[in-house]
């Protein structure tokens, strides 16, 4: 039995990638122990890694910003329907037209936020696919109670690693409960783009 470290799906037999999220699966004996700690670290395979591009959608919906996209879209739809109804009434067209402009504004704003956050998710997938591996450390792991989705608040994991002779900070967000290896002070495997280390991720992505 193999459990996907990316989405938690259980597979009865080993296979290279997860059927649900497209993430690569690893055998249990591929885990190693960091030489200077008791933490178990999963060693990322050599790039290019078989991370499916559709994994970007999972990252997108793990990001609280998609709620803004949904809210803007709902407001755009409601204002659009009201505006069309009032405009077709003729007499109330002077009220309906402003509603239509508001609807267009909400839809544009929602679309922009959605595209922006999805492009970031795609960038993270690129990091997971071809990023260089290094060892990092979690500096903070806290729940963000300012965001709630279906009664759940996301966890924000902040970490540090060394790249190009400098200390770089990164963070990932997840709605999944954090295990003991994702607590402050724990060592983690980090993937990053050497040309632009600000783009990084914990491996496997929580």
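Compared with the dominant Cα axis of the chain, that is its longest principal axis, helix 93-130 is turned about 10°. Compute the distance from the alpha-carbon center of region 40-63 to that of region 69-145, in whole Å. Each part reduced to its Cα centre gives a spacing of 24 Å.
Hey, what did region 122-206 get for relative contact order, percent, Cα under 8 Å, at least 6 apart? Provide the component values of the computation, followed by the final result.
Values: 178 pairs, mean separation 30.1, N = 85.
RCO, region 122-206: 35 percent.
GNM on the chain, C-alpha springs below 10 Å: top fluctuator among 43, 173, 148? The residue with the greatest mean-square fluctuation here is 148. Computed over the chain with a Gaussian network model linking Cα atoms closer than 10 Å, the most mobile of 97, 138, 67 is 97.
Which of rounded, prolate, oblate describes region 65-123, given a ≥ b ≥ c as roots of the alpha-carbon gyration tensor eigenvalues and a/c under 1.5 marking rounded, otherwise prolate only if a/b is larger than b/c? Could you put the intermediate results ahead of the total?
Working: a/c = 5.03, a/b = 3.63, b/c = 1.39.
The shape class here is prolate.
Quick one: among 164, 181, 126, which has the greatest mean-square fluctuation in a GNM of the chain with alpha-carbon springs under 10 angstrom? Comparing 164, 181, 126 in a Gaussian network model of the chain, the most mobile one is 164.
Quote the relative contact order of the chain in percent (integer), defining contacts as alpha-carbon pairs under 8 Å separated by 6+ residues.
On the way: 382 pairs, mean separation 39.3, N = 206.
Worked out over the chain, it gives 19 percent.
When 11, 205 are arranged by Cβ crowding within 10 Å, least crowded first, meaning fewest neighbours, the order is 11, 205.
For region 106-189, just say rounded, prolate or oblate: build the C-alpha gyration tensor, square-root its eigenvalues into a ≥ b ≥ c, call rounded for a/c under 1.5, and beyond that prolate if a/b exceeds b/c, oblate if not.
Details: a/c = 2.44, a/b = 1.31, b/c = 1.87.
Oblate is the answer for region 106-189, as a/c is 1.5 or above yet b/c matches or exceeds a/b.
Each label was represented as a point 7 Å from its Cα along the Cα-to-Cβ direction; for residue 176 and residue 3 these points are 1.0 nm apart.
Normalised by the residues of region 65-123, what does the relative contact order come to in percent, with Cα pairs under 8 Å and at least six apart?
45
Taken together, the values in this text are just the output of simple stated rules run on the coordinates, not laboratory data. Every value quoted in this text rests on a predicted model; they were computed, and no experiment measured them. Cβ: placed from backbone, ideal geometry, glycine included. Neighbour counts: every protein chain shown.
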